[in-house]
Amino acid sequence: MIAFCDTMTITEKILSEANKKVVKPGEIIEVDVDFVMSHDGTSPPAIRSFEKIADKVWDREKIAIIFDHNIPANTIGSAEFQKVARNFSKKQKLSHFYSHGEGICHQVLPEKGLVEPGMVIVGADSHTCTYGAFGAFSTGMGATDIAMIYATGKTWFMVPESFKIEINGKLSNDTSSKDIILNIIGKIGSEGATYKSCEFCGKTVEEMDVSGRMTITNMAIEMGGKNGIMEPNQNTLKFLSERTGKNPSEFKIFKSDHDSQYEKEFYFDISELEPQISCPNDVDNVKPISKVTGTHIDQGFIGSCTNGRLEDLKDAYEILKGNEIHSDVRLIIAPASAEIYKKAIDLGYINQFIESGAIVCNPGCGPCLGGHMGVLTKGETSISTTNRNFKGRMGDSESEVYLSNAKVVAASALKGYIESPSDIRLE
Ligand SMILES: CC(C)[C@H](C(=O)O)[C@@H](O)C(=O)O
Ligand code: SF4
């Protein structure tokens, strides 16, 4: 390890290690990439660029291709994209090729033990920032940058300035970590952290489970962040140790120094937080649920790399148990991975979802992107556990999307309008 000075953030330390010398914000550096990921939507452009510059990838064990956006293929175009990626994976003998509905890339990577603290991970998807929940530096990049990494294992960054975002307090029965991050985005704004390293800390984050932490780092990009990051906690180390088969002492764990230099510091106490709803058509248009209760909905979606994990399905199950979805509402549920799907079957969640009238889809991005399934038509409204609600995100440009936690989506699907989970529990 290199010698750090004593005012460095976790992100600066990881990038220094990757650069083999101490780095400072603003500096442009070249780094060795530990892992690179792309999916069915972004692999083909990267492959085409790669094939113009090289024949053989730099390390077939450090590349993952995961089919999740349009799986199974819904158009001839997406089938063609998958063929290109499948042929490339075979030709290059990639060790990590997931094409059978294993789940969303950001869920599959950590589940398969491919994420470790201290790593530099680059993905051809903007929500690659999710792996910061594990103490890794991870960020999304475009196809030509990914092609260069395939060929050389290297890339370049400008070292970001860091924002410290401290979270304290205890969540209520109706809220989850989704409400924390929506509240933060509402305050900081969708462009408020552009190119910053968003470092989440505080007691709430230190005690949070892995799923909740991933929801928070996942949405760092929604305020423009270059990455989202947290120091690994005990829950994280336990999860990673089970997945990688390594002892936690083998991980490269970096922590921010007490006197780290932050460009800005934010403090949030979430004890009194009501469920937060991000209203159309901007992710930072966040309101407490009491301001939007009663808004008509046509569709609900529970899933995505933000909130498609077992904890989210459990939240939905508890609200839906013994109840039927409103006859005018479609509730679509897509587990984030096959592993989660199987666990949800064993726990009886999936049976209940079907009995309540929900449509359960195969693991993957599902309706999140508005291109594969669950597409909205003009004038329709969805409430969704996903991360984006810009105009047309889930279909027609005159459809609307509200973002919330899974309990709120389930409660709203029962009523046909946005409803607080506590009101369902009271009935
Ligand atoms: C298709 C892909 C490039 C895109 C992203 O990078 O975020 C998608 O995953 C999304 O959520 O909009
Ligand atoms: S679930 Fe949605 S946000 Fe996540 S990678 Fe897929 S399309 Fe993007």
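Bear in mind that the values in this text are calculations on the coordinates, not laboratory data. Fair warning: this is a prediction, and the values are worked out from it, not measured in the lab. As a convention, Cβ positions derive from the backbone with ideal geometry for all residues, glycine included, and neighbour counts pool all protein chains shown.
Please go through region 227-279 and write out the trypsin sites (Lys or Arg not before Pro) that DSSP classes as loop and that have at most 15 other C-beta atoms within 10 Å. Don't skip to the answer; put the middle values down first.
Values: sites: Lys238, Arg243, Lys246, Lys252, Lys255, Lys264; in loops: Lys246, Lys252, Lys255.
Here the trypsin sites (Lys or Arg not before Pro) that fit, given the DSSP loop and packing criteria, are Lys246, Lys252, Lys255.
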Under 5 Å from the placed amide H of Leu331, counting only residues 5+ away or on other chains, we find Gly300, Ile359
Using the crude model of +1 on Lys and Arg Cβ and -1 on Asp and Glu Cβ, and no other charge, please compute the dipole size for the chain relative to its Cα centre, in debye to 20. 1160 debye
With an 8 Å Cα cut-off and a minimum separation of 6 or more residues, compute the relative contact order for region 117-230 in percent. 35 percent
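Going down the list Lys13/Lys164; Lys164/Lys252; Lys287/Lys391; Lys62/Lys164, which pairs span over 23 Å between their C-alpha atoms? List each step's numbers first, then the result.
Values: Lys13/Lys164 15 Å; Lys164/Lys252 21 Å; Lys287/Lys391 18 Å; Lys62/Lys164 31 Å.
Violating the 23 Å Cα-Cα cut-off are Lys62/Lys164.
Decide, for region 276-426, between rounded, prolate and oblate: order the square roots of the alpha carbon gyration tensor eigenvalues as a ≥ b ≥ c, take rounded if a/c falls under 1.5, and otherwise choose prolate if a/b is larger than b/c, else oblate.
Details: a/c = 1.62, a/b = 1.23, b/c = 1.32.
Oblate, because a/c is 1.5 or more while a/b does not exceed b/c.
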How compact and how long is region 1-147, expressed as Rg and Dmax of its alpha-carbon atoms in Å? 16.1, 55
Above-threshold pairs, the threshold being 24 Å between Cα atoms, out of Lys154/Lys246; Lys170/Lys342; Lys178/Lys264: Lys154/Lys246; Lys170/Lys342
If every alpha-carbon in the chain counts as one equal scatterer, what log10 I(q)/I(0) does Debye give at q = 0.11, 0.12, 0.13 1/Å? -0.79, -0.95, -1.12
For region 229-271 and region 310-382, what is the separation of their Cα centres, given in Å? 31 Å
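Dividing the Cα convex hull volume of region 117-192 by residue count, how many Å³ per residue is that?
Details: hull volume 9.8 nm³, N = 76.
About 129 Å³ per residue, rounded to a whole number.
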When all C-alpha to C-alpha distances in region 298-384 are sorted into bins of 10 Å, what percent of pairs does each bin hold, rounded to whole numbers? 19, 54, 25, 2
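Please give the peptides 179-188, 327-336 ranked by average Cβ packing (other Cβ atoms within 10 Å per residue), highest first, as a rough proxy for protection.
Values: 179-188: 23.8, 327-336: 22.3.
So the order, starting with the most tightly packed, is 179-188, 327-336.
Give me the percent relative contact order of region 10-268, please, defined on Cα pairs under 8 angstrom at least 6 residues apart. Display every interim value, and only then the final one.
Values: 554 pairs, mean separation 61.3, N = 259.
Contact order relative to length: 24 percent.
What value in Å³ per residue do you get for the convex hull of the alpha-carbon atoms in region 214-281? Walk me through the numbers on the way to the answer.
Details: hull volume 11.7 nm³, N = 68.
Enclosed volume per residue, from the Cα hull, is 173 Å³.
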